[in-house]
Amino acid sequence: MKAAVTTENQEVFQHFGKCQTFTLAVIENGQIQSKGLLDAQGNGHSALVGLLQAQGVDTLVCGGIGQGAVDALSAAGIQVIRGCQGRVSMILELLAQGLLKDNPSQVCDHHDHDGQEHTC
């Protein structure tokens, strides 16, 4: 498995579409084999899907995410595990152990078209 975790200050970043950094990890046989950072280069929702797909990511772990992004990621063959929070290192360990589950209630149904921040 190649996983990407939305990351800011070593914590799970809570808004996929505004994510500037992903932690990429290769997980095999319940173990984290390698880990590194990927700069999103200021991309938005749709560009992030292509960026992750180009990196060979098959699992995205994030906080909040819009349904359109979930659909685009799914169409690209990337499983989404949303509703996560906390230290990225802890989240990756849970993922490696098969203990991380998707929380569909963490889908954003609104956007900040006027520059206003929101939480998911």
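For the reader, a short list of remarks on this structure follows.
- For the chain, averaging the sequence separation of C-alpha pairs within contact (under 8 Å, six or more residues apart) and dividing by the residue count gives a relative contact order of 28 percent.
- Phi angles across the stretch 30-42 convert, under the Karplus curve 6.51 cos²θ - 1.76 cosθ + 1.60 with θ = phi - 60°, into 3J(HN,Hα) values of x, 10, 7, 8, 7, 8, x, 9, 10, 7, 6, 6, x Hz, Gly and Pro given as x.
- Charge context of Leu94, other residues only, Cβ under 15 angstrom, K/R +1, D/E -1: +1
- Averaged per residue, the chain has 52 square angstrom of accessible surface, using a 1.4 angstrom probe with ligands and nucleic acids left out.
- Sorted peptide list for 6-15, 60-69, 20-29, criterion being average Cβ within 10 angstrom, highest first: 60-69, 6-15, 20-29
- Rg/Rg_globular for the stretch 7-86, with Rg_globular taken as 2.2 N^0.38 Å and Rg from C-alpha atoms: 1.01
The values are calculated or read from the model by the stated rules, or taken from the named source; none is laboratory data. Predicted model, so just to flag it, every value in this text is computed and none were measured. Note that each Cβ is placed from the backbone with ideal geometry, even for glycine, and that neighbours are counted across all protein chains shown. Surface accessibility is based on the protein's heavy atoms, side chains included, excluding ligands, DNA and RNA. Shrake-Rupley method; radii C 1.70, N 1.55, O 1.52, S 1.80 Å.
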